[in-house]
1. Which trypsin sites (Lys or Arg not before Pro) in region 27-110 sit in a loop by DSSP (not H, G, I, E or B) and have at most 16 other Cβ atoms within 10 Å of their own Cβ?
2. Non-local amide H neighbours of Leu232 (under 5 Å, H modeled in plane, Pro and chain starts lacking H): which ones?
3. Using 16 Å as the cut-off for backbone N distance, which residues of region 54-95 belong to the label zone defined by a point 7 Å from the Cα of Leu3 along Cα→Cβ?
4. Straight-line reach from Lys146: which lysines fall under 17 Å, measuring Cα to Cα and dropping same-chain residues less than 8 apart?
5. Please state, to two decimals, what the Cα-based radius of gyration of region 5-234 comes to when divided by 2.2 N^0.38 Å (N = residues).
6. Considering only Pro55, Leu118, Thr66, whose Cα is most displaced toward the positive end of the charge dipole of the chain, charges sitting on Cβ of Lys, Arg (+1) and Asp, Glu (-1)?
7. Counting other C-beta atoms within 10 Å, which of Lys25, Lys146 has the fewest, and how do the rest follow?
8. Between Asp35 and Glu104, 0.36 nm times their residue separation minus their Cα-Cα distance comes to what?
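Here, each number is a calculation from the coordinates, and none is a lab measurement. Being a predicted model, the structure only gives us computed values, none of them experimental. As a convention, Cβ positions derive from the backbone with ideal geometry for all residues, glycine included, and neighbour counts pool all protein chains shown.
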Amino acid sequence: MTLRTLLIADLHLVADEVEKNQLFKKFCQQAQEADQLFILGDLFNTWLGDDLSAPHYTDIISLLKTLSNKTKVLVMTGNRDFLLAQEFSRQTGCELINSPYLLETNTQQYVLTHGDELCTDDESYQQMKSILQHPITKFIFVRLPKKWRLKLSGQLRQKSIEAQQDKTREIMDVNPQAVIELMQKYPGADLIHGHTHRLNTHTEKTFTRYVLGDWSNTQGNAIEITDKLNRLEIS
């Protein structure tokens, strides 16, 4: 049997961003016709722990719960929402998955990842990620008082914005050698990722790299896989 699989990434949902949330609602209604949906990171623009962030996204959580009753929904965390945890999974019915994830279809294998780990030229980002996403750091952070988490998150976000202003587009894109080293572990597979916001298809010697784009308030994008891979525009 051929499964219908959908993949999206980098929606960066914000609780009070009504237009984009409505676009996601429309997509979820359509996605009920699919067998499975993969969300490859940064579904949310910020997630400071299930206890702190989930109450602000009750509509989105309800949408995901309704969708997961009909469609298998698998969520990979990104650099913005890496604190998604088991309470989010319980409330939504979504399954949290690790990166990289190997998707096998009737005709092809695909390596799925958010994509930020491939941006190895951005050394300062990788150093910060290794600290912030370390299990001990996450354990401590989600147990801090809510007002401390909000303050620290704001400070880190401002530093990130300032740092990006001094970085070239090349530094913030994936490193070709890092991509090759990953794909050497999965001979015959293709790669699908997000993070860079550079929707494109790259044909390499032994694999194809499909990059998902980010979503605006009025336009989204997805990949659909049945017997073949197609790109979809969401509007």
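1. Here the trypsin sites (Lys or Arg not before Pro) that fit, given the DSSP loop and packing criteria, are Lys70.
2. For Leu232, whose amide H was placed from the backbone, the distant partners under 5 Å are Ala222, Ile223, Glu224.
3. Backbone N within reach: 68-76, 94-95.
4. Correct list for Lys146: Lys138.
5. Computed over Cα atoms of region 5-234, the ratio equals 0.99.
6. The residue sitting most towards the positive pole is Pro55.
7. The order, fewest Cβ neighbours first, is Lys146, Lys25.
8. 23.5 nm
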